[in-house]
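Q: The following block contains the structure, expressed as structure tokens.
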Amino acid sequence: MTPSSPDTPKAVQVTDLSVDLGGRLVLRGIDLRIRPGEVVAVLGTNGSGKSTLVRTIVGLLQAARGEVRLFGTPVPRFRQWSRIGYVPQRITAAGGVPATVHEVVSSGLLSQRRLFRPLSAAQKSAVDQSLELVDMADRRKDAVAELSGGQQQRVLIARALVSDPELLMLDEPTAGVDLASQDIFAEAIRERVARGTTVIMVSHDLGPMDALIDRSIVLRRGRVVYDGPPHASQTHAHVHPHVVDDEQRGWLS
Amino acid sequence: MTLFELEFMQRALLAGLLTGLSAPAIGTYLVQRRLALMGDGIGHIAITGVALGLLTGTAPVLTAILVAIVGASAIELIRARGKTSGDVALSLLFYGGIAGGVLLIGLAGQGAATLNTYLFGSLTTVSASDLYVVVGLAAVVLIVAIGLGPQLFAVCQDEEFARVTGLRVQLLNLLIAVMAAVTVTVAMRTVGLLLVSALMVVPVATAQQLTRSFRSTFTTACGIGVLVCLAGIITSYNANVAPGATIVVLALACFVVAAIAGALVRRRRAVQAPLADEEPEVGVPGPEPHVVTDEHPHAHSQKCGHPKVEHGDHVDYVHDGHLHAAHGDHWDEH
């Protein structure tokens, strides 16, 4: 971890963030700085606010207090969405009408497409590459609804990667996904990380992604209770935040 | 003189062709968003619009389109604000629309007969000026539905993802609602307000029995829409029955045929490639190969001195760094 000067824009900068959902405070006073190139796991039990944090960072939820900046720009004014790749928490990638793997992945390019224009040749090859990366190229013409859960999740990862994002946000990417698919997209993420992509991953169980993580953040009841290098006890299904920085211990008592 | 030479039939067929194209086009997006009944809801609201037109003496088509747009936008806004789910928002407008319509018709002093021409369509009374309006509106709907296809597809497929790609999701949702309202009023003269939703949904449901992609569902649905509209109008002329109802019955018949054909095709595919959907279980350790120890001088027991390890349903013994487990009359490496 190289020290960066304080004025280089962070990939994500969260300042004193509180979020309330239906009158209940789900996040309280979160402060985070994530440098470009970091691979961060956000851990915590159900209801600890992990997904809320990610959803607020990408602008799907509004901050009740505090601020989120992406690449130095406050989220409400942020417009360079092609720099962000987002994989929402999903059980299925299918809608009410059949759609092919290729069609779903192509929709990841919308941040770069102009209205009333067909896909360019470069964009088509980006879709093919992205499908190759998650090992779904041979299923490109199949309907997503016919795929297994793990394959659908791989399609969603391909959709997020197709725009070649600088910041990748994954919300529970491994939930309910078979090991074969987990391995494949750990490989896809590793390839992105090698190219300097910043990754923020919410998870219960990191599985094969474990080795990629260089920082973990543990949330508990909407607060950060651990922020530092990952260690073994966190990578299992149950997160026990034994290690707490001295100055943060007060929150738990 | 054949029916194609009759001027009113030419107009009817042209109106039917445009309805058959535009209703399934916008209907595909509604079905994809799982708001298949939205067309029906808007149809009910448009009844209030028609009644308002009759009451105030303005053109019912004009008031219908305005009230339908307001109602469709209201459904969208109520849905987007979160507290009320899409189907509840819809049902509120269903009831409001039909109650308002009946109330206003009564005030206007018009009977059920006038309302009927809008509820079930009256193709043969389509005038030349009606036709211009229908052509114009249908063209707008088709240009939007095809030209903004990728954007609308993304919004209907996964709204949250679409927002993170920077699309103006609220605006596009509103656009779909307004297009649906326009389509309903276009179809008001052909199939009528009560049956318009059928033309938006049934061709799409029929197409998706046989298709795998969104694009082919879209085009097949439009094709089916045009087919049933033209066939329905011709049949209704020959058999002297109501055109709107004939169109919808034909569409449903197509659905039944496609559902059966689709089931047969899928079954055939499944028989031909029974393992196509199964993935290789990469990464899952397979059962350990059954390795028998070369030679084993003694039987492990409580007393042999080798440490014991509980292993599922049996006990292994640590023997020179290996695990030995009893298997019949010999010992396996575990």
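Q: Residues of A:59-69, mean number of Cβ from any other protein chain within 10 Å of their own Cβ, rounded to a whole number? Don't skip to the end; give the middle numbers.
A: On the way: counts 3, 5, 0, 0, 0, 0, 0, 0, 0, 0, 0.
Counting Cβ atoms of other protein chains within 10 Å of each residue's Cβ and averaging gives 1.
Q: If you count, for every residue in A:108-116, the Cβ atoms of partner chains within 10 Å of its Cβ, what is the mean? Spell out each step's value before the answer.
A: On the way: counts 3, 3, 10, 5, 2, 4, 0, 4, 8.
The mean count of partner-chain Cβ atoms within 10 Å per residue comes to 4.
Q: Compute the semi-axes of the equivalent ellipsoid of the range B:3-272, taking the square root of 5 times each eigenvalue of the Cα gyration tensor, and list them largest first in whole Å.
A: Details: eigenvalues 163, 126, 51 Å².
Values for the range B:3-272, descending: 29, 25, 16 Å.
Q: To the nearest whole number, what is the average tally of beta carbon atoms from other chains within 10 Å of the beta carbons of peptide B:205-213? Show your work: numbers first, answer last.
A: Values: counts 2, 0, 2, 5, 1, 1, 5, 11, 10.
Partner-chain Cβ atoms within 10 Å, mean over residues of B:205-213: 4.
Q: Helix-only mean residue ellipticity at 222 nm, chain A, DSSP H runs n ≥ 4 weighted -39,500 (n - 2.57), per residue, nearest 500. What is it? Let's see the in-between values first.
A: Working: 6 runs with 60 residues, N = 253.
After summing the helix terms and dividing by residue count, I get -7000 deg cm²/dmol.
Q: Can you give the convex hull volume per residue for the Cα atoms of the range A:12-230, as a whole number of Å³?
A: Numbers: hull volume 27.7 nm³, N = 219.
In the range A:12-230, the Cα convex hull volume per residue is 126 Å³.
Q: In addition: Within the range A:72-102, find all residues whose amide N lies under 19 Å from a label point positioned 7 Å from the Cα of A:Ala145 along Cα-to-beta-carbon.
A: The answer is A:90-102.
Q: Using the Kirkwood radius built from alpha carbon pairs, what does the Stokes-Einstein equation give as D for the range B:96-174 at 20 °C and 1.002 mPa s, in µm² per second? Write out the running numbers ahead of the final one.
A: Values: Rh = 16.2 Å.
This corresponds to a translational diffusion coefficient of 132 µm²/s.
Q: Write down Rg/Rh for the range A:1-138, rounded to two decimals, with Rg from the C-alpha atoms and Rh from the Kirkwood relation over Cα pairs.
A: On the way: Rg = 17.8 Å, Rh = 17.6 Å.
Value, to two decimals: 1.01.
Q: Another question, if that's okay. How high is the relative contact order of chain A, in percent, counting Cα pairs under 8 Å that sit 6 or more residues apart? The partial results should precede the final answer.
A: Values: 472 pairs, mean separation 64.4, N = 253.
Over chain A, the number comes to 25 percent.
Q: A further question on this structure: If one takes the longest principal axis of the Cα atoms in chain A, at what angle in degrees, from 0 to 90 and to the nearest 10, does the Cα axis of helix A:149-161 lie?
A: Here the helix axis deviates by roughly 90 degrees.
Q: Scan around A:Leu43 for amide H atoms under 5 Å from its own, H built in the peptide plane at 1.01 Å from N, and keep only partners 5 or more places away or cross-chain.
A: A:Ile217, A:Val218, A:Leu219
Q: Most exposed first by the Cβ proxy, i.e. fewest other Cβ within 10 Å, how do B:Thr2, B:Thr219 rank?
A: Details: B:Thr2 6, B:Thr219 17.
By the 10 Å Cβ count, ascending, the order reads B:Thr2, B:Thr219.
Q: Still on this structure, please answer the following. Which ordering of A:Ser181, B:Ser122, B:Ser127 is given by a fewest-first count of other beta-carbon atoms within 10 Å?
A: B:Ser127, B:Ser122, A:Ser181
Q: A further question on this structure: Please find the FRET efficiency linking B:Thr124 to B:Lys308, where r is the Cβ-Cβ separation and R0 is fixed at 56 Å, and quote it to the nearest 0.05. If you can, show how the numbers build up before the last one.
A: On the way: r = 92 Å, r/R0 = 1.64.
After rounding, the FRET efficiency stands at 0.05.
Q: How large are Rg and Dmax for the range B:1-85 when only the alpha carbon atoms are used, in Å?
A: Considering the range B:1-85 through its Cα atoms, Rg and Dmax are 16.6, 59 Å.
Q: Same structure, new question: Would you please give the FRET efficiency between A:Arg221 and B:Ser73, computed as 1/(1 + (r/R0)^6) with r the Cβ-Cβ distance and R0 = 41 Å, to the nearest 0.05? Let's see the in-between values first.
A: Numbers: r = 40 Å, r/R0 = 0.97.
It comes to 0.55.
Q: Return one quarter of the surface area of the convex hull spanned by the alpha-carbon atoms of the protein assembly as shown, equal to its mean projected area, in nm². Show your work: numbers first, answer last.
A: On the way: hull surface 151.1 nm².
Mean shadow area of the hull around the Cα atoms is 37.8 nm².
Q: Can you grab the distance from the C-alpha centre of the range A:114-178 to the C-alpha centre of the range A:13-44, Å, no decimals?
A: 27
Q: Can you tell me the Rg and Dmax of the range B:69-208, counting just the alpha carbons, in angstroms?
A: 17.0, 53
Q: In nanometres, what is the gap between the two model label sites at B:Val102 and A:Asp31, each 7 Å from Cα along Cα-to-Cβ?
A: The modelled label-to-label distance comes out at 6.4 nm.
Q: To continue, here is another question. How fast does the range A:45-119 diffuse by Stokes-Einstein, in µm²/s, taking the Kirkwood radius from C-alpha pairs at 10 °C and 1.306 mPa s?
A: It diffuses with D of about 106 µm²/s by this estimate.
Q: Just name one of A:Ile189, A:Ser18, B:Ala242: the one whose Cα is farthest towards the positive end of the charge dipole of the protein assembly as shown (beta-carbon charges, Lys/Arg +1, Asp/Glu -1).
A: Ranked along the dipole, the leading option is B:Ala242.
Q: Under 8 Å for C-alpha pairs, at least 6 residues apart: give me the relative contact order for the range B:19-166, rounded to a whole percent. Numbers along the way, then the final one.
A: Values: 133 pairs, mean separation 44.2, N = 148.
Reported relative contact order: 30 percent.
Values quoted throughout were computed directly from the atomic coordinates according to the rules given, and no laboratory measurement underlies them. Please read these numbers as outputs of a predicted model, since none were measured by experiment. For neighbour counting, all protein chains shown are included, and Cβ atoms are generated from backbone atoms with ideal geometry for every residue, glycine included.
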